[in-house]
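Right, one structure below, let's go through it.
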Amino acid sequence: MTDISSLRVEFLNELIEGGTVSDPAWLAAFRDIPRETFVPYYFTQRPNQPGWLLVERPSREWLEGVSSSRALITQIDGTDDNVAWARTGRVQGVATSSSSAPSLMALMLEAADIHDDHRVLEVGTGTGYNAALLCHRLGAGNVTSIDIDTDLVHRARERLAALGYFPHLAAADGTAGYQDRAPFDRIIATVGIPGVPGAWIDQTALGGKVLVPLDLAGSAGLMALLTVNSSGTAQGPFLPDYGAFMPLRAKGHQTAMDVLATVGDQDADIRETDLPVGQVANAAAFEFFAALVTGGFDTLGFTPNDGGPPETWLTQPDGTWACHTTHPNGTQIVRQGGPGRLWDNIETAHRTWQQLGQPARSRFGITATPQAQWIWLDTPSNVLITSPAALSSPAHGLDQFHRHGGQESNFLDIGL
Ligand SMILES: C[S@@+](CC[C@H](N)C(=O)[O-])C[C@H]1O[C@@H](n2cnc3c(N)ncnc32)[C@H](O)[C@@H]1O
């Protein structure tokens with residue numbers, strides 16, 4: 001199977017067999033909207049080679065990429081200059097836009113329970129592909145999509161117009177929502193957000209829903225589906241599935257590499273631990289809970305040149321870090337530094353999670369008001385995490401946290 005139509009059949013089968021699309025209306029959208037129109041090129045990495053390579057139309061590799069259910073990186077460091085540079089070799093940098101994995105998009109579109117007459121705001125236009133799927137289902141008049149990057153919005157508009165779709169697109173910071181077109185029945189973000197923006201609650205119709213991939217620094221992959229109720233509160237569970245997105249473009253956050261570059265000069269606390277790092281960086285189990293309690297962390301593997309044991313580095317945007325090693329005799333050593341004590345906090349979270357019976361992510365939920373947000377287990381009255389480290393309210397500044405007063409029963413405050 002090599003031509004585009006055969007690859008498209010494989011792609012649709014993958015979505016159906018993977019169980020991500022069951023609604024015929026979404027299946028029709030995925031069948032009819034050509035992803036290749038929205039992704040004329042993408043960047044890729046090769047194992048053990050630094051930098052990004054460009055994969056362009058009409059190469060075979062490009063065709064297979066755009067016909068796959070993989071996420072494809074479409075922009076590096078927020079500039080198109082990298083496309084031209086990548087034609088002459090590798091480029092270095094951070095991915096700033098992508099065409100999200102269609103399987104994840106499908107999962108989110110179904111989970112958001114979108115009906116034919118709904119007015120939807122998408123935050124994170126990117127290539128425009130998801131906006132096209134929404135237009136196919138709802139009609140362009142019901143679709144608003146915003147992205148912080150003016151060039152991306154411009155290009156998405158051209159690609160959508162080429163298919164005959166003219167939704168309302170705008171270059172805007174998604175954390176403020178989009179008041180001009182409110183109220184919305186659904187707000188769906190395809191970018192990681194460090195909390196539920198108050199503006200989204202205000203701009204969603206009563207009974208409407210907000211689907212937020214939470215960005216907790218690392219790869220917790222938590223997606224919350226909240227329903228907005230009459231008291232200006234939104235609440236709902238985390239989806240059972242893992243879904244990680246690139247973070248909001250925000251200034252002042254150190255990446256894992258930035259943090260690592262500072263470490264040599266710092267004092268570190270060193271001690272033994274009996275918690276294997278594999279249990280922490282385990283997306284299928286504990287990692288989401290560690291991220292909720294600590295505020296999240298990036299994970300990086302590193303093999304020293306001096307023949308020492310492999311190191312696993314966990315870093316936070318404020319420069320906090322921990323480095324875990326398992327020595328040949330089985331001893332596990334952790335070093336910690338920066339403003340916080342990340343491994344101590346992870347161990348506390350792990351003990352709590354064990355005591356709770358290792359609950360899965362879908363047993364947790366979030367309640368958000370424009371002023372505060374908190375995490376509960378099984379039922380909104382069973383508030384578990386009020387930690388200022390866990391969530392921020394981006395509408396009020398990315399680094400500002402709000403502490404919940406808490407009148408609920410069974411209150412177990414494990415804030416750190
Ligand atoms: C994963 S991509 C979105 C993929 C897109 N839905 C598609 O179908 O191609 C995430 C997008 O979020 C955008 N973004 C980042 N920070 C943002 C912000 N503060 N407000 C709005 N969009 C933002 C990025 O520019 C990027 O294009």
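Please treat every number below as a calculation from the coordinates, not as lab data. In this text the structure is predicted, and so the values were computed from the model without any measurement. No Cβ is skipped: glycine too gets one built from the backbone with ideal geometry, and neighbour counts run over all protein chains shown.
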Q.
So if I take the centroid of the Cα atoms in the stretch 141-197 and the same for the stretch 281-356, what is the distance between those two points in Å?
A. 36 Å
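Add -39500 (n - 2.57) for each DSSP H run of 4 or more in the chain, then divide by its residues: what number comes out at 222 nm, to the nearest 500 deg cm²/dmol?
-7500 deg cm²/dmol
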Q) Looking at the square roots a ≥ b ≥ c of the eigenvalues of the Cα gyration tensor of the stretch 256-355, which shape do they give, rounded for a/c under 1.5, prolate if a/b is larger than b/c, or oblate? A) oblate
Q) If each of Thr303 and Arg46 carries a label point 7 Å out from its Cα toward its Cβ, how far apart are those two points in nm? A) 1.8 nm
Q) Say the dipole of the chain comes from +1 at the beta carbon of Lys and Arg and -1 at that of Asp and Glu; which of Thr303, Leu377, Leu214 then lies farthest toward its positive end? A) Leu214
Q. Hey, rough spin-label estimate for Gln179 and His115, points 7 angstrom out along Cα→Cβ, what's it come to in nanometres?
A. 2.9 nm
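Only four residue types carry charge here, +1 at the Cβ of Lys and Arg and -1 at the Cβ of Asp and Glu. Report the dipole size of the stretch 256-355 about the Cα centre in Debye, rounded to the nearest 20.
Around 240 debye, computed over the stretch 256-355.
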Q: Can you check what the net charge comes to around Arg31, using other residues whose Cβ is under 13 Å from the Cβ of Arg31 (Lys, Arg +1; Asp, Glu -1)?
A: -1
(Q) Which one, Cys323, Thr79, Asn13, projects farthest toward the positive side of the charge dipole computed for the chain from Cβ point charges (K/R +1, D/E -1)? (A) Asn13
Q) Listed highest first by mean packing, meaning other Cβ atoms within 10 Å per residue, what order do 50-57, 147-154, 197-204, 327-334 come in? A) 197-204, 147-154, 50-57, 327-334
Q. What residue among Pro167, Thr262, Val123 has its Cα farthest toward the positive end of the dipole of the chain, where the charges are +1 on Lys, Arg and -1 on Asp, Glu, each on the Cβ?
A. Pro167
Q: Give the shape of the chain as rounded, prolate or oblate, defined through the alpha-carbon gyration tensor: a ≥ b ≥ c are the square roots of its eigenvalues, a/c under 1.5 means rounded, and otherwise the shape is prolate if a/b is larger than b/c and oblate if not.
A: oblate
**Q.** Net +/- balance of residues flanking Phe11 in space, Cβ distance below 13 Å, scoring K and R +1, D and E -1
**A.** -3
Q.
What does the C-alpha gyration tensor say about the overall shape of the stretch 34-189? Classify as rounded when a/c is under 1.5, otherwise prolate if a/b is larger than b/c, or oblate.
A. prolate
Q: Just order 14-26, 122-134, 312-324, 360-372 by mean Cβ neighbour count inside 10 Å, highest at the front, would you?
A: 122-134, 312-324, 360-372, 14-26
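Using Cα-Cα distances under 8 Å and only pairs 6 or more residues apart, what relative contact order does the chain have, in percent?
Working: 906 pairs, mean separation 45.7, N = 416.
That works out to 11 percent.
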Q.
Net charge around His115, counting only other residues with Cβ within less than 13 Å of its Cβ (Lys, Arg = +1; Asp, Glu = -1)?
A. -2
